[in-house]
1. Considering only protein heavy atoms, what per residue accessible area in square angstrom results for the chain with a 1.4 angstrom probe?
2. With N residues in the chain, what two-decimal value do you get for its Cα radius of gyration over 2.2 N^0.38 Å?
3. Relative to the longest principal axis of the C-alpha atoms of the chain, give the angle of the C-alpha long axis of helix 46-66, reported between 0 and 90° and rounded to the nearest 10°.
4. Computing the accessible area with a 1.4 Å probe over protein heavy atoms, can you report the carbon and sulfur percentage for segment 43-89?
5. Quick check on the chain: helices-only [θ] at 222 nm, where DSSP H runs of length 4 and up contribute -39,500 (n - 2.57) each and the sum goes over total residues. Nearest 500, please.
6. Across bins of 10 angstrom width beginning at 0, how are the C-alpha pair distances of segment 1-51 distributed, in whole percent?
7. Taking the alpha-carbon distance from K76 and a cut-off under 30 Å, which lysines remain once sequence neighbours fewer than 8 residues away in the same chain are dropped?
8. On a straight-distance basis, which lysines could pair with K34 in a cross-link, Cα separation under 30 angstrom, same-chain partners fewer than 8 positions away excluded?
Amino acid sequence: LKSPVRDIFESIEETPCGAASIGQAHRAVLKGTKEPVVIKVQYPDAKWQVPADIECVGQFLKVCVWFGVVDESASKLSYEEFSRQFLAE
């Protein structure tokens with residue numbers, strides 16, 4: 001963030017409303033507009049987890065190709081899109 005958290009949010013719920021391998025989601029309220037939002041908070045050690053998750057998906061797609069669940073072309077496209085989206089977050 002470019003500003004301190006206390007300057008952006010009126011409040012942030014301590015209890016997460018969701019979780020994933022690299023972080024948690026928390027409900028919050030924006031300062032000024034009072035708009036309710038959900039923010040993603042990354043775990044401190046998440047940087048090592050991202051490449052591991054991408055590799056895991058790649059291996060899973062290889063198994064899917066081997067069993068004929070998807071063809072190799074679809075697998076490659078899915079892997080590239082997943083990697084792009086995951087790294088963008």
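The values are calculated or read from the model by the stated rules, or taken from the named source; none is laboratory data. The shown structure was predicted, so the numbers you read here are calculated from the model rather than taken from an experiment. FYI the Cβ positions are ideal-geometry reconstructions off the backbone, even for glycines, and counts take in every protein chain you see. Note: accessible area is taken over every heavy atom of the protein model, side chains too, but ligands, DNA and RNA are not part of it. Shrake-Rupley method; radii C 1.70, N 1.55, O 1.52, S 1.80 Å.
1. 78 Å²
2. Output field value: 1.47.
3. The answer is roughly 30 degrees.
4. 65 percent
5. The per-residue figure over the chain is -15000 deg cm²/dmol.
6. Going from the shortest bin to the longest, the percentages are 25, 47, 25, 4.
7. In chain and number order, the partners are K40, K47, K62.
8. Counting by Cα, and skipping residues close in sequence, K34 has these lysines nearby: K2.
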